[in-house]
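Everything below concerns the one structure shown next.
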Amino acid sequence: MLNTPPVITICIVFLLAAAVVFAGCTGTGNSVSKTTPPTPTGTAVQVSHIVVTEAQDNGTVYVKQGNYIIVTLQENPTTGYQWNLTTTPGLLVTNDTYESSDKTGKLMGAGGTRTWDITAIATGVQKINAVYGRSWEPVTGNETGFSMTVVVE
């Protein structure tokens, strides 16, 4: 057998460990592959409507005259809270519906979704505003609101 002093054995083990660690650290540093996003090809598809939710509050959308916007907001009229939606004259509300999230009709106090279809009838900058509250309570200015700018081209 080989008789090597313990200091030399420790140094050899240390050097081997350092070599393994160093070899693992010499990569490119970027293990995530970079891909180019796809480029659309073919004929562009005209969209005649856009759907907006609470996520687009205080946003701006661009539509062509004659197209429509579908606004969907969470509502719970069983507690008295409802949206009061208003628009500027260049927008026309053509449909206003409420759908409960409870399809069984057995849950007391279940909320749902209020949906408005709004047609862009005049060009220019238009507005959609909505206030969520109870009709019998005075407006305090602290109500939840929804606002959107609509640029009709």
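The values are calculated or read from the model by the stated rules, or taken from the named source; none is laboratory data. Since this is a predicted model, take the numbers as computed values, not measurements. Note that each Cβ is placed from the backbone with ideal geometry, even for glycine, and that neighbours are counted across all protein chains shown.
When restricted to residues that are part of a strand (DSSP E or B) and in contact with an Asp or Glu (Cβ under 9 Å, 6 or more places away or on another chain), segment 85-111 contains 7.
Applying the criterion of being surrounded by fewer than 16 Cβ atoms within 10 Å (Cβ to Cβ) and of a type in the set (A, V, I, L, M, F, W, C) to the residues of segment 122-153, the residue that is nearest to Leu91 (Cα to Cα) is Ala122.
Can you tell me how many residues in segment 112-145 are in a loop (DSSP other than H, G, I, E, B), under 15 Å from Asn84 (Cα atoms) and touching a Gly at 6+ places or on another chain (Cβ under 9 Å)? Give the steps one after another, and end with the answer.
Within segment 112-145, the subset in a loop (DSSP other than H, G, I, E, B) is 121-123, 135-143.
Still in the list and also under 15 Å from Asn84 (Cα atoms): 135-143.
If we keep only those that are touching a Gly at 6+ places or on another chain (Cβ under 9 Å) too, we end up with 135-137, 139-140, 143.
Residues flagged as in a loop (DSSP other than H, G, I, E, B), under 15 Å from Asn84 (Cα atoms) and touching a Gly at 6+ places or on another chain (Cβ under 9 Å) within segment 112-145 amount to 6.
Restricting attention to segment 122-152, the residues that are under 21 Å from Thr72 (Cβ atoms) and among the β-branched types (Val, Ile, Thr) add up to 7. If you check Thr94, Thr88 for being under 29 Å from Tyr62 (Cβ atoms) and in contact with a Lys or Arg (Cβ under 8 Å, 6 or more places away or on another chain), only one passes: Thr88. The C-beta contact set for segment 139-153 (first residue within 14 Å of Lys64 (Cα to Cα), second residue of a type in the set (Gly, Ala, Ser) and loosely packed, with under 14 Cβ neighbours inside 10 Å, distance under 7 angstrom, 6+ apart or interchain) comprises Val152/Ala122; Val152/Gly124.
From the list Gly80, Gly111, exactly one residue is modelled with pLDDT under 95 and surrounded by 16 or more Cβ atoms within 10 Å (Cβ to Cβ). Which is it?
Details: Gly80 fails: surrounded by 16 or more Cβ atoms within 10 Å (Cβ to Cβ).
Residue meeting the stated conditions: Gly111.
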